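Only one structure is covered here, and it is reproduced in the block below.
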Amino acid sequence: MEDRKKWVLKAIVDHYIRTGQPVSSQTLLGEYGLSVSSATIRNDMMDLEEQGLIRKEYSSAGRVPTEKGYRFFVDWLVELSELHRQAEHALIESYRFQRLEIGELLRQTAFLLANLSSYAGFVLSPRLEETRLESITFVKLDAQNVLVVIVSELGIIDHAVIRSALSEAEIREVSALLNATLRGRRLDEVRAFALRFAEEEDWYDPIVRGAFLLLKSALERRLERRLHAEGLFRLLPRLLEEGQDLADACEILALVSDAHRFGRYLESEASPRVQALIGKENALRDLRSCSLVFMEYGFSGVLGVLGPIRMDYSKAFSVTTYIGNRLQAILALSHREGVPTVEGGA
């Protein structure tokens with residue numbers, strides 16, 4: 001395609017995303033400063049229409065993008081803009097406390113995706129069974145209670161208080177035993193190990209058996225994939241504005257909240273590179289009136305935004321890329337340096 005026609009298509013997509021109104025040749029000349037005649041613009045628009053990239057609205061002389069037009073725009077014309085300084089500052093501040101429990105970190109990430117994109121943001125949790133145990137930490141709280149914290153290479157998995165009268169020295173001995181046995185093992189191996197030993201009755205103190213029971217319970221619960229979704233209240237009115245039936249729109253919201261079905265779809269489609277699925281490109285029928293912009297961020301985890309086909313793709317790509325890379329950096333830092341342990345006790 002000639003460069004001029006690319007700019008004409010970009011202008012049409014930009015204007016339609018911004019206003020929701022069909023775009024005429026006079027609008028392009030008046031608002032986008034294209035240094036050609038009205039007749040040239042009309043001819044370019046006719047060529048774009050013949051290629052199936054735009055279509056004429058029955059009630060107007062203007063044109064609107066087709067799904068094919070959006071695809072061309074995404075593939076060739078998306079110019080990833082720098083996030084506004086204020087938004088970037090908000091991101092940095094939100095991620096300032098990087099050493100969070102992994103679930104809280106992912107919830108915060110979904111909130112940022114929704115807040116900065118103005119669409120629905122989602123984060124599918126990583127496959128924790130692919131990560132390795134970093135430590136089991138014991139902190140003596142008082143004469144009868146000990147805090148147990150389970151940490152993987154990506155963050156805190158779980159914590160609980162177990163009743164035990166062991167001394168500080170005995171706690172250190174138990175901690176050394178469990179960490180020497182389990183540290184560095186994949187969490188799926190740790191789960192199998194804990195399942196086998198949690199049922200043993202001959203441990204010399206309940207804290208050891210309690211730790212194995214906690215490991216078993218925590219890993220069975222935490223190794224399930226979790227889907228964190230935010231901003232669904234923003235998505236509903238946007239879908240209705242685009243002519244979506246209320247019942248169908250509600251089905252879309254239900255799908256985005258379904259960790260199993262939506263999560264499995266995301267994992268099957270995602271790659272480390274940011275990509276978009278536009279309208280009918282989505283294999284899930286419920287999503288064919290929407291667009292997805294998403295990427296894999298590590299350990300099979302996926303994040304992104306979901307919005308109407310008339311989406312601001314430049315902004316969605318920019319936000320998804322920035323936050324995805326930031327989350328990757330945080331997880332890589334935890335993986336490289338080891339996550340923090342709780343001071344005291346052990």
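The values are calculated or read from the model by the stated rules, or taken from the named source; none is laboratory data. If you're wondering where the values come from, they're calculated on a predicted model, not measured in any experiment. Using ideal geometry, Cβ is built from the backbone for each residue, glycine included, and neighbour counts are taken over all protein chains shown. The protein model used for the area step is the full one, side chains on, heavy atoms only, and it has no ligands, DNA or RNA in it. Shrake-Rupley method; radii C 1.70, N 1.55, O 1.52, S 1.80 Å.
For region 214-235, filtering for residues that are open to solvent by less than 70 Å² (accessible area, probe 1.4 Å) and modelled with pLDDT under 85 leaves 10.
Name the single residue, out of those in region 68-85 being open to solvent by 50 Å² or more (accessible area, probe 1.4 Å) and over 14 Å from TYR322 (Cβ atoms), that is modelled with the lowest pLDDT. So the residue we want is GLU79. Residues in region 39-58 that are open to solvent by 40 Å² or more (accessible area, probe 1.4 Å) and either acidic (Asp, Glu) or under 12 Å from GLY69 (Cβ atoms) (or both): ASP47, GLU49, GLU50, GLN51, ARG55, GLU57. Do we have any residue at all in region 324-333 that's modelled with pLDDT of 85 or more, open to solvent by less than 10 Å² (accessible area, probe 1.4 Å), more than 14 Å from SER125 (Cβ to Cβ) and not in a loop (DSSP other than H, G, I, E, B)? Yes - at least one qualifying residue is present in region 324-333. LEU116 - would you say it is more than 22 Å from GLY263 (Cβ to Cβ), of a type in the set (A, V, I, L, M, F, W, C) and part of a helix (DSSP H, G or I)? When the stated conditions are applied, LEU116 passes them. Tell me, yes or no, whether region 274-286 has at least one residue that is assigned to a strand (DSSP E or B) and surrounded by fewer than 20 Cβ atoms within 10 Å (Cβ to Cβ). Checked region 274-286: at least one residue is assigned to a strand (DSSP E or B) and surrounded by fewer than 20 Cβ atoms within 10 Å (Cβ to Cβ). Can you find even one residue in region 178-195 that is in a loop (DSSP other than H, G, I, E, B), at pLDDT below 85 and over 30 Å from ASN115 (Cα atoms)? Scanning region 178-195 turns up no residue that is in a loop (DSSP other than H, G, I, E, B), at pLDDT below 85 and over 30 Å from ASN115 (Cα atoms).
Checked against the criterion of being more than 21 Å from ILE309 (Cβ to Cβ) and open to solvent by less than 60 Å² (accessible area, probe 1.4 Å), the candidates VAL8, VAL23, VAL36 yield just one match: VAL36. Under the condition of being touching a strand residue (DSSP E or B) at 6+ places or on another chain (Cβ under 9 Å) and free of Cβ contacts under 8 Å to residues at least 24 places away in the same chain, the residues counted in region 168-199 number 1. Against the criterion of being within 17 Å of the chain's Cα centre (by Cα), in contact (Cβ under 8 Å) with a residue 12 or more places away in the chain and open to solvent by 40 Å² or more (accessible area, probe 1.4 Å), SER291 does not qualify. Sub-6 Å Cβ pairs linking a first residue in region 248-267 that is aromatic (Phe, Trp, Tyr) to a second residue that is surrounded by fewer than 19 Cβ atoms within 10 Å (Cβ to Cβ) and part of a helix (DSSP H, G or I), at least 6 apart or interchain, are PHE262/LEU255, ordered by first then second residue.
Residues are listed down the side, and each one gets a yes or a no for (1) in a helix (DSSP H, G or I); (2) acidic (Asp, Glu); (3) open to solvent by 20 Å² or more (accessible area, probe 1.4 Å):
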site: GLU134; (1), (2), (3): no, yes, yes
site: THR137; (1), (2), (3): no, no, no
site: ASP142; (1), (2), (3): no, yes, yes
site: VAL148; (1), (2), (3): no, no, no
site: ILE157; (1), (2), (3): no, no, no
site: ALA169; (1), (2), (3): yes, no, yes
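Restricting region 162-176 to residues that are modelled with pLDDT of 80 or more and within 37 Å of the chain's Cα centre (by Cα), the residue that is farthest from LEU215 (Cα to Cα) is ALA176. Contact annotation: residue pairs with Cβ atoms under 7 Å, 6 or more positions apart or on different chains, pairing a residue in region 305-324 that is small (Gly, Ala, Ser) with a partner that is in a helix (DSSP H, G or I), are GLY307/LEU235; GLY307/ARG238; GLY307/ALA316; ALA316/SER117.
Within region 297-316, does at least one residue satisfy the condition of being at pLDDT 90 or above, touching a strand residue (DSSP E or B) at 6+ places or on another chain (Cβ under 6 Å) and in a helix (DSSP H, G or I)? Yes, that holds for at least one residue.
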